[in-house]
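Novice: First the structure, which I've put down as structure tokens, then a few questions once you've had a look.
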Amino acid sequence: MATTTASLAISSSDLQPGNRLSINASSLLMKTGLTEGLEILDAGTGELTVAMSTKKLNDALGTADTSNWMYLANHATDDTNYIEVGLHDTIIGRLYAGDWMFTPWNMSDAAAEWSIEAEGGTQKYEYAFFKSTYVLANSAQANNSDGTPDVNP
Amino acid sequence: MATTTATISVSSNILSYPISINKSMTMKRAGSCHGLEETSGLNSKKVESVTAFKLFGNAEATVGGASKVYVRNSGASTTDFFYVGYGEDLGAATIETIGRLYGGNWMLIPWDAVAATSHDIFAKSSTAEPMHIEYMAFIE
């Protein structure tokens with residue numbers, strides 16, 4: 001069984017005067033049902049330009065209502081640049097230069113895709129999806145001996 | 001100017017070679033080198049109902065800002081969880097549901113508090129048994 005651990009540390013000595021902030025959290029990321037570790041990883045890097053408009057980062061091609069996780073980081077260095085992150089048609093938030101996010105992903109239905117859009121300038125990003133399940137999309141290529149496309153059952 | 005840092009570390013052996021993610025960020029205001037200066041404070045809540053409840057209202061933050069939201073299921077249950085998402089109708093096939101937080105799971109996301117109740121953030125327990133959740137917004 002694969003083991004994936006996600007840890008977080010948030011700290012500030014001056015956000016709340018007189019009350020030093022220190023949050024530490026760590027958890028194992030498991031499949032829905034929590035008896036098995038996640039076994040599917042989809043990760044990479046990319047570059048977004050403003051001209052690209054909104055781009056799909058990941059489709060909800062797994063089983064709906066399951067335990068999946070997304071990590072996304074904006075590697076830009078210009079403080080005025082940001083990536084707008086969306087889930088389906090809902091704007092989640094702005095990931096400014098240097099920011100990262102980590103969130104569960106329910107894959108509520110097939111429309112629950114993640115999208116990203118660069119604002120202000122070209123930006124490099126890094127992502128990782130840890131998933132419970134995944135279904136490969138059908139290929140349009142002919143791969144049967146008679147030249148007809150294979151069709152998944 | 002306040003300085004708040006958040007560091008994530010993820011390690012995994014899903015592949016045949018180790019995966020490791022390590023990244024820190026300083027929470028800054030939108031388009032600025034200055035840090036976020038406001039917060040909801042760290043909240044902790046005991047939940048004994050499957051009725052959705054509001055964690056953060058859109059009016060608490062600035063539209064188009066660089067606010068961030070932290071939520072953690074501070075319990076230990078391996079079977080029960082909190083749905084977290086937008087609006088009160090959180091559930092399995094509800095598109096505004098972001099995801100599930102089982103015992104110990106946490107999330108940290110940006111929050112564009114669009115000036116509408118559609119961008120209020122809610123949580124909903126999967127059980128009426130006692131569950132605990134902690135949450136905090138870093139606000140612009």
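Novice: For the stretch B:59-98: of the residues being at pLDDT 90 or above and charged (D, E, K, R), which is farthest from the chain's Cα centre (by Cα)?
Specialist: Across the stretch B:59-98, the extreme among qualifying residues is B:Asp80.
Novice: Next question. Taking the residues in the stretch B:86-140 that are without any contact (Cβ under 8 Å) to a residue 24 or more places away in the chain and among the hydroxyl-bearing types (Ser, Thr, Tyr) as candidates, determine which candidate is nearest to B:Lys45 (Cα to Cα).
Specialist: B:Thr97
Novice: So A:Leu61 ticks every box in (1) part of a strand (DSSP E or B); (2) within 30 Å of B:Gly103 (Cα to Cα) but one. Which box is left unticked?
Specialist: All conditions are met except number (1).
Novice: Being in contact (Cβ under 8 Å) with a residue 24 or more places away in the chain, surrounded by fewer than 23 Cβ atoms within 10 Å (Cβ to Cβ), on the phi < 0 side of the Ramachandran plot and more than 10 Å from every other protein chain (Cβ to nearest Cβ): is that true of B:Thr78 here?
Specialist: No.
Novice: For A:Glu117, work out the one condition from (1) among the charged types (D, E, K, R); (2) more than 9 Å from chain B (Cβ to nearest Cβ); (3) assigned to a loop (DSSP other than H, G, I, E, B) it doesn't fulfil.
Specialist: (3)
Novice: Which condition number in (1) within 11 Å of another protein chain (Cβ to nearest Cβ); (2) closer than 25 Å to A:Leu15 by Cβ; (3) of a type in the set (S, T, N, Q) is the one that B:Ser20 fails?
Specialist: With respect to (1) within 11 Å of another protein chain (Cβ to nearest Cβ); (2) closer than 25 Å to A:Leu15 by Cβ; (3) of a type in the set (S, T, N, Q), B:Ser20 is out only on (2).
Novice: Under the condition of being more than 9 Å from every other protein chain (Cβ to nearest Cβ) and outside any loop (DSSP other than H, G, I, E, B), which residue from the stretch B:57-70 is nearest to B:Cys33 (Cα to Cα)? Write out each step before concluding.
Specialist: First, pick out the residues of the stretch B:57-70 that are more than 9 Å from every other protein chain (Cβ to nearest Cβ): B:57-63.
Then keep just the ones that are outside any loop (DSSP other than H, G, I, E, B); that gives B:58-60.
Working: B:Asn58: 24, B:Ala59: 24, B:Glu60: 22 Å.
Step by step, filter the stretch B:57-70, then rank; the result is B:Glu60.
Novice: Sticking with this structure for a sec: How about the stretch B:27-56: which of its residues are among the hydroxyl-bearing types (Ser, Thr, Tyr), buried (at least 16 other Cβ atoms within 10 Å of the Cβ) and within 8 Å of chain A (Cβ to nearest Cβ)?
Specialist: B:Thr39, the sole residue that qualifies.
Novice: Look through the stretch B:119-140, keep the residues that are in contact with a helix residue (DSSP H, G or I) (Cβ under 8 Å, 6 or more places away or on another chain) and within 11 Å of chain A (Cβ to nearest Cβ), and return whichever of them is farthest from B:Thr3 (Cα to Cα).
Specialist: Checking each candidate, the answer is B:His119.
Novice: Something else now. I'm checking my understanding of the structure. Among residues of the stretch A:69-107 that are more than 7 Å from every other protein chain (Cβ to nearest Cβ) and part of a strand (DSSP E or B), which one is nearest to B:Gly31 (Cα to Cα)?
Specialist: Checked the stretch A:69-107; the qualifying residue nearest to B:Gly31 (Cα to Cα) is A:Tyr82.
The values are calculated or read from the model by the stated rules, or taken from the named source; none is laboratory data. Bear in mind that the values here come from a model prediction, so they are computed numbers and not experimental data. All Cβ positions, even for glycine, are placed from backbone atoms using ideal geometry, and neighbour counts span all protein chains on display.
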